[in-house]
Each structure stands twice: as C-alpha cells, then as structure tokens.
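Asks: Here you go, one structure.
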Amino acid sequence: MESLEGAASEYSNGRYNNCANRCYFAAFEAAIHALETADIQARAGQWGHDFVQAQFIGQLINRRKRYPAGLRDTLLRNLELRQTADYRRQQVSQTQAERALRRANAFVAAIQQGGEVG
C-alpha cells in the first residue's frame, strides 16, 4: 500500500506533517477497501470522509463485529492529526507522527487480515 509506505518514508526522513497526512490516507483507503469487500456502497458514488468513518465503525465494528473495537478511533485520530499537519501552523511532532504511523500500520494490517475478531 503506497500511502503506508509513503508514511514510513516521510517519518524516517523527519517530515512529520507529511507522515501524518499519509497515515490518514493509508487508513482511509484501507477502510474503503473493507467497506467494498463487505458490499457497502459509497453514497452517490463518493467515498466521503464522514461517510467512510461512520460506516466502518457502525457497520463493520459495531454491527457486524468484523473488526476489533480498538480500531474505532483510528480514522478520527489520524484525520485530526492530518488536519493539524495540513491546515494549522502547529507542526506535528515526532511522537505524534510515530503514534499515527503505529495506528495506521495496525489498521491496515487488520484490513489485510480480513479483520476477523477472535
């Protein structure tokens, strides 16, 4: 997954704002894949950020229990950090980027494994 690889590269090169951006999109793209795999369709053909988050949590975590509850806040937390990186003067710290990268890795891994909750 290119976004996740990009996030890791940006982190290792000290570009923490870019890392935060790529971490969010890695998780967002993985969530869309999980929704498509579960036959959940985009609203009006568009995968909006709010829609993806609501459907992933509501349908795939809460209702179908396909993914662990620990993933519930990944999209929101990484989105908030991406918004800081992209739209605010405040810079993303190394620690924040590292945590976002850890969350993104766990999220993508869960999707790749099919998310079966044991």
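The values are calculated or read from the model by the stated rules, or taken from the named source; none is laboratory data. The model shown is predicted, which means the values in this text are computed figures rather than measured ones. Virtual Cβ from ideal backbone geometry, glycine too; neighbours counted across all protein chains shown.
Asks: Scanning for something surrounded by fewer than 18 Cβ atoms within 10 Å (Cβ to Cβ), basic (Lys, Arg) and modelled with pLDDT under 95, does segment 99-110 turn up at least one residue? I'd like the intermediate steps shown before the answer.
Replies: From segment 99-110, those surrounded by fewer than 18 Cβ atoms within 10 Å (Cβ to Cβ) are 99, 102, 105-106, 109; that's our starting set.
After this cut, where a residue has to be basic (Lys, Arg) as well, the list is 99, 102.
Right, trim to modelled with pLDDT under 95 and you get none.
No, every residue in segment 99-110 fails to be surrounded by fewer than 18 Cβ atoms within 10 Å (Cβ to Cβ), basic (Lys, Arg) and modelled with pLDDT under 95.
Asks: Identify all residues within segment 32-50 that are over 21 Å from Gln112 (Cα atoms) and either surrounded by 18 or more Cβ atoms within 10 Å (Cβ to Cβ) or under 16 Å from the mean Cα position of the chain (by Cα) (or both); write none if there are none.
Replies: Step one: of segment 32-50, the residues over 21 Å from Gln112 (Cα atoms) are 43-46, 48, 50.
Correct list: Gly48, Asp50.
Asks: Find the helices (runs of 4 or more DSSP H) located wholly in segment 1-99 whose residues include 1 or more that are more than 18 Å from Ala110 (Cβ to Cβ) and touching a residue at least 40 places away in the same chain (Cβ under 8 Å), and list them. Walk me through it before giving the result.
Replies: Numbers: elements: 2-12, 16-37, 49-55, 74-87.
The helices (runs of 4 or more DSSP H) meeting that bar are 2-12, 16-37, 74-87.
Asks: Determine which member of the set Glu5, Glu29 is surrounded by 14 or more Cβ atoms within 10 Å (Cβ to Cβ) and either of a type in the set (D, E, K, R) or over 30 Å from Ser93 (Cβ atoms) (or both). Break it down into steps so the answer makes sense when it comes.
Replies: Values: Glu5 fails: surrounded by 14 or more Cβ atoms within 10 Å (Cβ to Cβ).
The match here is Glu29.
Asks: For residues that are out of contact with any helix residue (DSSP H, G or I) (no Cβ under 7 Å at 6 or more places or on another chain) and hydroxyl-bearing (Ser, Thr, Tyr), tally how many sit in segment 19-61.
Replies: Number satisfying all stated conditions: 1.
Asks: If you don't mind, another one. When the residues of segment 8-26 are narrowed to those that are surrounded by 19 or more Cβ atoms within 10 Å (Cβ to Cβ) and among the small types (Gly, Ala, Ser), which ends up nearest to Arg77 (Cα to Cα)?
Replies: Ala20
Asks: Yes or no: Glu80 closer than 18 Å to Ser9 by Cβ and modelled with pLDDT of 95 or more? Working first, answer last.
Replies: On the way: closer than 18 Å to Ser9 by Cβ: no; modelled with pLDDT of 95 or more: yes.
So Glu80 does not fit the description; no.
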